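Colleague: One structure, pasted below without further comment.
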Amino acid sequence: MKDFKYLTPTEVVFGRDSESQIATLVKKYNGNKVLIHYGGRTAERSGLLDQVRNQLDAAGIANVSLGGVVPNPRLSKVYEGIDLCRKEGVDFILAVGGGSVIDSAKAIAYGLAYDGDVWDFFSGKVTAKECYPVGVVLTIPAAGSEMSNGTVITKEDGELKRAYDDDLCRPRFAVMNPERTFTLPAYQTACGVVDIMMHTMERYFSHDADMALTDEISEGLLRTVRDSAFKVLADSCDYRSRAQIMWAGSLAHNGLTGCGLTSDWSTHLLEHELSAIFDVAHGAGLASLWCSWARYVYKENVSRFVRFAVNVMGVTNDYTDPEGTALAGIAAMERFYSALGMPVSIRELIGRDITDEEIAEMARKCSFDGTTRIGRFKSLGKEDMEAIYRLAR
Ligand code: NZQ
Ligand code: ZN
């Protein structure tokens, strides 16, 4: 097992009545003036926003609101949030929503504590020294941003979707009520399931062999999410299964499934280029690419893919044909994604054939003009990226 650091400072309050504690938590983490940050109309329609405002008002905590965060959150909204917070003297950002809202909140929190352009963090120009505190009321399990150190923002100019990873932004608290996720449409539920599984698989596909406990945790998490997915698609209000998925979403991306190993992240980086250009849901983009990535790289470590096939996908091990077993595991995952209603090709994702020029452009951006390689399971240069996009087309 490799040496590692494991930091999960987020206080999780999980369960049916968890929202009743929002004001107490804001106070506990020294919020005096709060920005309530949210997305489209979901939180408004469900009454959640009113509940949050009423609670803060009743507790005497001043607050202002800013909605309108869209999936694949935009830099322009982040600038708007920073301006508003400066004008209003906000000292705590409360995200009410999913990964997009949380990431927008984190970016505002970085920007508030910095004199320059907040994009500097995402372009790699500077490293953050400070970040205002962020709290979360989660409404969709998927991105894992409620406990992660990640922030992903899209700059409209140049269609650049970039991540900035730093422990400073890990939320102070996350309130998670699985009942809030009953209203998720099947497609969004499935996108979340894919993202949660992919956060685990990006770490699981590693060459480090000596990490038995981390492997067992990952495999258990993957099987749990896989089985729960069908249950919630059959019955949207299945609390038990919604709860499994919600908790798995946090554990998949708070660092637990990466302890002691070297993770890959190629599929995520390749996907970010897809959602930057086509504005697709992140989970669907991942589903459209993963099987092609897997078929491109599996020979680097066939036994790892055999273990995945057998322990996660329930494939029978053909000891005489490890490659056959590995490929059967990838095919089983592909069938699983299809059964969830997820795309397994770029054509299925964007509804038309992708052009050679678009593939070249995505590979160019992903490789920073051919200067950067991605992936630790198999190191991928610009030509490899193009090859995977072509395999997935
Ligand atoms: O905007 P509203 O009205 O809230 O609707 C949202 C949105 O349309 C809807 N939704 C949320 N909760 C709902 C609901 N609909 C019905 N009932 C509910 N309870 O779902 C849609 C998608 O929301 P979004 O926040 O975009 O989803 P997700 O959590 O998947 O976040 C995706 C973003 O997170 C980034 C992705 O790249 C993408 O930009 N990621 C962030 C990571 C991180 N910070 O650590 C890691 C991930 O790998 C990922 O890259
Ligand atoms: Zn993801």
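The values are calculated or read from the model by the stated rules, or taken from the named source; none is laboratory data. None of the values given here were measured: they were computed from a predicted structure. All Cβ positions, even for glycine, are placed from backbone atoms using ideal geometry, and neighbour counts span all protein chains on display. All accessible areas refer to the heavy atoms of the entire protein, side chains included, with ligands and DNA or RNA removed. Shrake-Rupley method; radii C 1.70, N 1.55, O 1.52, S 1.80 Å.
Colleague: Determine whether SER65 is on the phi < 0 side of the Ramachandran plot, of a type in the set (S, T, N, Q) and in a strand (DSSP E or B). First the steps, then the outcome.
Modeller: Details: on the phi < 0 side of the Ramachandran plot: yes; of a type in the set (S, T, N, Q): yes; in a strand (DSSP E or B): yes.
Criteria met by SER65.
Colleague: Among the residues of segment 81-101 satisfying the criterion of being in a helix (DSSP H, G or I) and within 16 Å of ligand 1 (Cβ to nearest atom), which is surrounded by the most Cβ atoms within 10 Å (Cβ to Cβ)?
Modeller: Kept after step one, since they are in a helix (DSSP H, G or I), are these residues of segment 81-101: 81-88, 99-101.
Subset that is within 16 Å of ligand 1 (Cβ to nearest atom): 81, 99-101.
Details: GLY81: 25, GLY99: 29, SER100: 26, VAL101: 32.
Going through the qualifying residues, I end up with VAL101.
Colleague: Between a residue in segment 279-290 that is in a loop (DSSP other than H, G, I, E, B) and any residue that is within 11 Å of ligand 2 (Cβ to nearest atom), which pairs come within a Cβ distance under 7 Å, given they are 6 or more apart or on different chains?
Modeller: Pairs that qualify, where the first residue is in a loop (DSSP other than H, G, I, E, B) and the partner is within 11 Å of ligand 2 (Cβ to nearest atom), are ALA281/CYS191.
Colleague: When the residues of segment 329-386 are narrowed to those that are hydroxyl-bearing (Ser, Thr, Tyr) and open to solvent by 50 Å² or more (accessible area, probe 1.4 Å), which ends up nearest to LEU286 (Cα to Cα)?
Modeller: Taking segment 329-386 and keeping what is hydroxyl-bearing (Ser, Thr, Tyr), we get 337-338, 345, 355, 367, 371-372, 379.
From the residues that got through so far, the ones that are open to solvent by 50 Å² or more (accessible area, probe 1.4 Å) too are 338, 355, 371-372, 379.
Numbers: SER338: 13, THR355: 19, THR371: 24, THR372: 21, SER379: 18 Å.
Of everything passing the filter in segment 329-386, SER338 is nearest to LEU286 (Cα to Cα).
Colleague: Could you list all residues from segment 196-221 that are over 15 Å from the mean Cα position of the chain (by Cα), within 16 Å of ligand 2 (Cβ to nearest atom) and in a helix (DSSP H, G or I)? Working first, answer last.
Modeller: To start, the set of residues in segment 196-221 that are over 15 Å from the mean Cα position of the chain (by Cα) comprises 204-221.
From what's left, within 16 Å of ligand 2 (Cβ to nearest atom): 204-205, 218, 221.
TYR204, SER218, LEU221 - these are the residues of segment 196-221 that are over 15 Å from the mean Cα position of the chain (by Cα), within 16 Å of ligand 2 (Cβ to nearest atom) and in a helix (DSSP H, G or I).
Colleague: Shifting gears a bit: From ASP215, ASP208, which residue is touching a Ser or Thr at 6+ places or on another chain (Cβ under 8 Å), acidic (Asp, Glu) and over 20 Å from MET147 (Cβ atoms)? Can you show your working first?
Modeller: Values: ASP215 fails: touching a Ser or Thr at 6+ places or on another chain (Cβ under 8 Å).
From the options ASP215, ASP208, the qualifying one is ASP208.
Colleague: Let me ask something additional. Among the residues of segment 149-186, write down those that are touching a strand residue (DSSP E or B) at 6+ places or on another chain (Cβ under 6 Å) and basic (Lys, Arg).
Modeller: LYS161, ARG172
Colleague: Those residues that are open to solvent by 10 Å² or more (accessible area, probe 1.4 Å) and closer than 17 Å to ARG364 by Cβ, I need them from segment 257-275; list them, please.
Modeller: Hits for segment 257-275 are LEU269, HIS272.
Colleague: What are the pairs with Cβ atoms under 8 angstrom where one residue, in segment 150-178, is under 19 Å from PHE122 (Cα atoms) and outside the structural domain of PRO71 (by TED's automatic domain parsing) and the other, located anywhere, is within 10 Å of ligand 1 (Cβ to nearest atom) and not charged (D, E, K, R)? Sequence gap at least six, or different chains.
Modeller: Short answer, once both residue conditions are applied: none.
Colleague: Sticking with this structure for a sec: Taking the options ASN63, ASN54, name whichever one is touching an Asp or Glu at 6+ places or on another chain (Cβ under 9 Å) and either under 30 Å from GLY258 (Cα atoms) or away from ligand 1 (no atom under 11 Å from the Cβ) (or both).
Modeller: Values: ASN54 fails: touching an Asp or Glu at 6+ places or on another chain (Cβ under 9 Å).
Among ASN63, ASN54, only ASN63 is touching an Asp or Glu at 6+ places or on another chain (Cβ under 9 Å) and either under 30 Å from GLY258 (Cα atoms) or away from ligand 1 (no atom under 11 Å from the Cβ) (or both).
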